[in-house]
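Inspection log for the structure reproduced underneath, given as structure tokens.
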């Protein structure tokens, strides 16, 4: 990796917007891929999310404004939107989708055609918020599991009742058209 890229990543991770802008003006290619097919944009955005840097949204917005493409996926069909979902970062999901990220283009956990990013997100919420059996404090009713929006409503009720992180990220994914594999194949 050349010094400009190292300095660019360092500036992003430190929230040094002036240095990020300066290095971008020197020709940093945000959509250049590494040996894993991951773009510099995606790698940088993902690392900012992992560390939950307070300036992550501001830096990612700048990178998107400068041409970072949220739809360029790595070799396993994942990218910045995948990490935003895993971090349950609703604000980042909204930002990426406003800049054109297509949630239904991303692979799910199984990396198959029968698993979407939303399928993964619906699995991931009780995995992160539940007990060791991936169960939330109360079992869902039949009505809670009749469709995706009812299930998300159940997650929201559990969050409110048991002081869990709210599933805002799921509402944002739905707002931007995210569908499960079943919904996509049933035309829903």
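A few points about this structure:
- Residue within segment 50-70 that is in contact (Cβ under 8 Å) with a residue 40 or more places away in the chain and under 30 Å from residue 126 (Cβ atoms) present: yes
- Condition check for residue 102: surrounded by fewer than 19 Cβ atoms within 10 Å (Cβ to Cβ) and closer than 14 Å to residue 173 by Cβ: yes
- Test result for residue 74, within 15 Å of the chain's Cα centre (by Cα), at pLDDT 90 or above and either in a loop (DSSP other than H, G, I, E, B) or not assigned by TED's automatic domain parsing to the domain that holds residue 3 (or both): no
- Test: residue 161 is within 19 Å of the chain's Cα centre (by Cα), surrounded by fewer than 20 Cβ atoms within 10 Å (Cβ to Cβ) and under 18 Å from residue 126 (Cβ atoms): no
- In the condition set (1) under 23 Å from residue 102 (Cβ atoms); (2) over 14 Å from the mean Cα position of the chain (by Cα); (3) modelled with pLDDT of 95 or more, residue 60 is compliant with all but (2).
- Contact map, segment 1-20: first residue surrounded by fewer than 17 Cβ atoms within 10 Å (Cβ to Cβ), second residue part of a loop (DSSP other than H, G, I, E, B) and modelled with pLDDT of 95 or more, Cβ cut-off under 9 Å, separation 6 or more or different chains; pairs are 10/16.
- Hey, residue 67 in the same structural domain as residue 14 (by TED's automatic domain parsing), at pLDDT below 95 and farther than 18 Å from residue 93 by Cβ or not: no
- Residue that is out of contact with any strand residue (DSSP E or B) (no Cβ under 8 Å at 6 or more places or on another chain), buried (at least 17 other Cβ atoms within 10 Å of the Cβ), under 14 Å from residue 9 (Cα atoms) and outside the structural domain of residue 127 (by TED's automatic domain parsing), where the choices are 49, 88: 49
- Of the residues in segment 52-67, not one is surrounded by fewer than 16 Cβ atoms within 10 Å (Cβ to Cβ), touching a strand residue (DSSP E or B) at 6+ places or on another chain (Cβ under 8 Å) and closer than 30 Å to residue 149 by Cβ.
- Applying the condition of being free of Cβ contacts under 8 Å to residues at least 40 places away in the same chain and within 22 Å of residue 91 (Cα to Cα) to segment 25-41 and asking which residue is farthest from the chain's Cα centre (by Cα) yields 30.
- The criterion of at least 3 residues that are without any contact (Cβ under 8 Å) to a residue 24 or more places away in the chain is met by the following helices (runs of 4 or more DSSP H) wholly inside segment 78-181: 148-162.
The values are calculated or read from the model by the stated rules, or taken from the named source; none is laboratory data. Note that the structure is predicted; figures quoted are calculated from it, not measured. Cβ atoms come from the backbone with ideal geometry, glycine included; neighbour counts cover every protein chain shown.
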